[in-house]
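The values are calculated or read from the model by the stated rules, or taken from the named source; none is laboratory data. Keep in mind the model is a prediction, meaning the values are calculated, not measured. All Cβ positions, glycine included, derive from the backbone under ideal geometry; neighbour counts span all protein chains shown.
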Number of protein chains: 4
Amino acid sequence: MPRIDLNADVGEGFGAWAMGADAELLALVTSANVACGFHAGDPAVMDRTVGLAVRAGVALGAHPGHADLRGFGRRPIQAAPEDIERDVLYQVGALQAFARAHGTRVLHVKPHGALYNQAAEDETVARAIVRGVARAGRELILVGLASTEPMRRAAQAEGLRFAAEAFADRRYNAAGTLQSRREPGSVLTDPVQAAAQAVKIATEGRVIATDGREITLQADTLCLHGDNPAAVANAAAVRRALEAVGVAVQALAG
Amino acid sequence: MPRIDLNADVGEGFGAWAMGADAELLALVTSANVACGFHAGDPAVMDRTVGLAVRAGVALGAHPGHADLRGFGRRPIQAAPEDIERDVLYQVGALQAFARAHGTRVLHVKPHGALYNQAAEDETVARAIVRGVARAGRELILVGLASTEPMRRAAQAEGLRFAAEAFADRRYNAAGTLQSRREPGSVLTDPVQAAAQAVKIATEGRVIATDGREITLQADTLCLHGDNPAAVANAAAVRRALEAVGVAVQALAG
Amino acid sequence: MPRIDLNADVGEGFGAWAMGADAELLALVTSANVACGFHAGDPAVMDRTVGLAVRAGVALGAHPGHADLRGFGRRPIQAAPEDIERDVLYQVGALQAFARAHGTRVLHVKPHGALYNQAAEDETVARAIVRGVARAGRELILVGLASTEPMRRAAQAEGLRFAAEAFADRRYNAAGTLQSRREPGSVLTDPVQAAAQAVKIATEGRVIATDGREITLQADTLCLHGDNPAAVANAAAVRRALEAVGVAVQALAG
Amino acid sequence: MPRIDLNADVGEGFGAWAMGADAELLALVTSANVACGFHAGDPAVMDRTVGLAVRAGVALGAHPGHADLRGFGRRPIQAAPEDIERDVLYQVGALQAFARAHGTRVLHVKPHGALYNQAAEDETVARAIVRGVARAGRELILVGLASTEPMRRAAQAEGLRFAAEAFADRRYNAAGTLQSRREPGSVLTDPVQAAAQAVKIATEGRVIATDGREITLQADTLCLHGDNPAAVANAAAVRRALEAVGVAVQALAG
């Protein structure tokens, strides 16, 4: 029986500013990636979000990003590898304290935004992240892009477990990379299409690329977005479809 | 044989900005209070500072402050108690990760600047800090002002160990509070005077107040400043004097 | 014919985070208070907001606050008066540049949140703000609480024009101060009640206090909130009611 | 009689952290580039620094950078061009307010650190900066690297005056670019060598590159560093040498 994890980015408010439909998403996913204060999230948001994740029975992960509240961690920053390593260690460590205070622990780490994208292309960045994760705990699972090599290789070199992530609602180029969000149609807004892509990835390990060809896409976890009501509807459709075809939806450490 | 801990605030640089004579101070003290990124310190500074503390054989403590880089944590901020609790938990958690990565652990927590002073006067603030510390680890020792009650009482109410802090280089009012830095003579700049006050506190549990009377001042730890070369000379004189009269200078957990 | 200004706080998003119904509010008010980047707002938000205000034909004001993104400027910070003065000058100056770039100018300054409340009670804070405003431009109008003296007095001492602000949707104590938001009923959520209070203030210079007595409340401007759809409905009701009874709704400099 | 401006980056402290020998440098240069709060500087530092520059009779310039206190503006950030434009407008506007308050005005704008370097290579960044400067004031002079084209071209396209900057204490590659700081010998630490290079640039418009050949380097202003006592000695030597050979050392607008 095929199985897959569903993850979502949560806890992305800051101070007086809210973001995302965390409660709805946490009812749909099996893993939560919690922002750690550098690109979003603050100690109050983190405490509440970890509490929500625990009550929802969802596996807890850290979602460290660049120190860039202004840019929401989406702007590539050429930070020194040693600084990336230490920023990751700091952020994961802070979340681990909230996890312990809630009687649980951090199971995985998924870099956020530009840091994730830089690591998907640049092995120096990937290795810096992996060193930070390994220093925070060798049992932690690194979540990274399924379709490129740097994060997978960096995790393997360090002896960390790697979980490959795919996207139900994003189109893939023939090379396995994500089609740029700037191109029309790159984000699937139709829940039926997103659900179909999720099922194909989970059951066949394949996806239909922009040129119509099928490509291999082995994924351990699917990312569900929830930044608007339509996105939550998408996420719900994905979960229902996966369960309908007999895919076991369960957390990575399950 | 009387004994006392000597502590210093270290790791108070940020990014390109340096502060303090950490290396010199770490050679003189038995406990280090490491800034955690909110009022000073950043992940790179913390990593280096924890490494220095470990190599110096000094006990490691967290030095959490208000989220106020601009004010160096010295400006009283009326934060909600829940936010203070979570800010403390976050900062201690981040430092605990660096401690684990260096093969050591955080032994104590001493609030910084305005947070320390607010807690010395306001039991609501003291309790919020103590809750954050307790959530980070019930084995942690809370360091607070020897001469007022709120922090001591808050720690006792929560079941945390409390360590009373006194100052070798500050004058005390007859009520046991610190004379304001704005008054002339409130800071002892003469190493001989500072050393004499340290010895009197450590051996007699007493200090001579501004009105000339002796008052009781039971302290577990003395704070040594190192923000300028004269301060380091003061610190060195204190240490030498304590050892010369047979006081055992050792960390709190010793 | 009585007249009054209607003002609203706008431009309170930051980076990826949105806040407030700016477009709806700018269609209802005659003055806009634009956040300047310290408690909310960033250069991109400011540029867009100034553009919206210009297109809406609304008078432009600066809304400086404490440097406290995390607390949205709502946490009292005991900053040095010189720092408050310079923070105000900096923030007003930044907004003035956007105003000039849009072919307009900043007409008034209304402190935000805790800074406003501290200035309404503490003449030292009020004077610091006024010095900052005066250094930014002696033609600027200072907007402050109608019902206490510190800001009015500070403006007069410096020779700045003062505009007294009242609230259509907040209850007043018999002493003329605002009833705490923590007390039930302190915020008027019924548009009819808010409109009635606005009309009474604008036409009679009086308001009914919490104890049922009428008190004097001379106001030059009324603040309209827009942090939720109900608040915008309130604001619209206030404007319609004022115009229905023949109050001229126009900007301070009109 | 040849002439040249000498400029220095000043006001690079932040809060409790100091940096640089501003007073010494301001006695040697004819133009000051003042940090504006994004990578360094805060309103208090800016106010003091503008006051120092005015008293020293030095021309005042803005030194805007990326919003990156942590990285001191030295880390390349891929910000959207619109955001760069607005960040520059905001920072220059804030400094203009301090300038007016001190009875002077901002004469030039020199981007800082990574923003300067990105603009020296990438015309999109250069144009974004120039738009921000032009919106802040069409009379402002843009200071940029003498030896590459993007900033010069961007300024010309917008109709802004451009001032070409060279470095007395950095080695140049044969292509006219700066030798990387990571290569040994790239920074001239010998005051005699730095002074000789300054004289050659100012009097001949030429410099000897790393391969020994002379290349053309037309410069309107020379940057003097002051981050350590040796750097100040270098700066003093440069000034003395220029004056000794009859170069008129004067501000850009002189």
Quiz prompt | Extreme residue, farthest from A:G144 (Cα to Cα), among residues of the stretch A:13-39 that are within 14 Å of chain C (Cβ to nearest Cβ) and part of a strand (DSSP E or B) | solution = A:W17
Quiz item: Would the stretch C:126-137 turn up any residue that is surrounded by fewer than 24 Cβ atoms within 10 Å (Cβ to Cβ), within 13 Å of another protein chain (Cβ to nearest Cβ) and under 16 Å from C:L60 (Cα atoms)?
Solution: yes
Quiz item: within 12 Å of chain A (Cβ to nearest Cβ), surrounded by fewer than 24 Cβ atoms within 10 Å (Cβ to Cβ), within 30 Å of A:P64 (Cβ to Cβ) and not basic (K, R) - does that describe any residue in the stretch B:148-160?
Solution: no
Practice problem: Say whether the condition of being away from chain C (no Cβ under 14 Å), within 29 Å of C:R100 (Cα to Cα) and touching a strand residue (DSSP E or B) at 6+ places or on another chain (Cβ under 8 Å) is met by at least one residue in the stretch D:95-106. | Solution: no
Practice problem: Need at least 2 residues that are aliphatic (A, V, I, L, M) and farther than 30 Å from C:W17 by Cβ per element, so show me which strands (runs of 3 or more DSSP E) inside the stretch C:191-253 make the cut, counting only ones lying wholly within it. | Solution: C:206-208
Quiz item: Got at least one residue in the stretch C:115-125 being modelled with pLDDT of 95 or more, touching a helix residue (DSSP H, G or I) at 6+ places or on another chain (Cβ under 9 Å) and within 13 Å of chain D (Cβ to nearest Cβ)?
Solution: no
Quiz item: Which condition breaks for A:M1 when tested against (1) at pLDDT 95 or above; (2) away from chain C (no Cβ under 13 Å)?
Solution: (1)
Quiz item: Which members of the stretch B:77-116 meet the condition of being surrounded by fewer than 21 Cβ atoms within 10 Å (Cβ to Cβ), farther than 23 Å from B:T49 by Cβ and not small (G, A, S)?
Solution: B:Q78, B:P81, B:E82
Quiz prompt | Of the criteria (1) within 15 Å of D:T221 (Cβ to Cβ); (2) crowded, with 19+ Cβ neighbours inside 10 Å; (3) not basic (K, R), which one D:G205 fails | solution = (2)
Practice problem: Kindly establish whether A:V10 is more than 8 Å from every other protein chain (Cβ to nearest Cβ), closer than 29 Å to A:A248 by Cβ, surrounded by fewer than 24 Cβ atoms within 10 Å (Cβ to Cβ) and in contact (Cβ under 8 Å) with a residue 12 or more places away in the chain. | Solution: no
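Here's a check for you: in the stretch B:52-65, which residue that is more than 12 Å from chain A (Cβ to nearest Cβ) and assigned to a loop (DSSP other than H, G, I, E, B) is surrounded by the most Cβ atoms within 10 Å (Cβ to Cβ)?
Ranking the qualifying residues of the stretch B:52-65, first place goes to B:G65.
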Quiz item: So which pairs qualify, if the first residue must be in the stretch D:141-154 and more than 17 Å from D:G113 (Cβ to Cβ), the second must be in a helix (DSSP H, G or I), the Cβ gap must be under 6 Å, and the two must be at least 6 apart or on different chains?
Solution: D:A154/D:A126; D:A154/D:R127; D:A154/D:V130
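Being touching a strand residue (DSSP E or B) at 6+ places or on another chain (Cβ under 7 Å), at the interface with another protein chain (Cβ under 7 Å from one of its Cβ atoms) and within 23 Å of B:E85 (Cα to Cα) narrows it down to one residue among A:D47, A:D42, A:D87; which is it?
Criteria check complete, one pass: A:D42.
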Quiz item: Being among the hydroxyl-bearing types (S, T, Y) and under 11 Å from B:L95 (Cβ atoms), is that true of even one residue in the stretch B:29-37?
Solution: no
Quiz prompt | The lone exception for D:A164 - which of (1) away from chain C (no Cβ under 14 Å); (2) over 17 Å from D:L222 (Cβ atoms) it fails | solution = (2)
Practice problem: Find all pairs meeting these conditions: Cβ atoms under 7 angstrom apart; at least six residues apart or on different chains; first residue within the stretch B:37-56 and of a type in the set (V, I, T); second residue crowded, with 24+ Cβ neighbours inside 10 Å and assigned to a loop (DSSP other than H, G, I, E, B). | Solution: B:V45/B:G11; B:T49/B:G11
Quiz item: How about the stretch A:108-128: which of its residues are over 12 Å from the mean Cα position of the chain (by Cα) and either in contact (Cβ under 8 Å) with a residue 60 or more places away in the chain or in a loop (DSSP other than H, G, I, E, B) (or both)?
Solution: A:D122
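In the set B:G226, B:G132, which member is within 22 Å of B:A40 (Cβ to Cβ), at pLDDT below 95 and of a type in the set (G, A, S)?
After ruling out the rest, the residue left standing is B:G226.
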Quiz item: Is the stretch C:71-82 home to any residue that is within 13 Å of another protein chain (Cβ to nearest Cβ), in contact with a Lys or Arg (Cβ under 6 Å, 6 or more places away or on another chain) and in contact (Cβ under 8 Å) with a residue 60 or more places away in the chain?
Solution: no
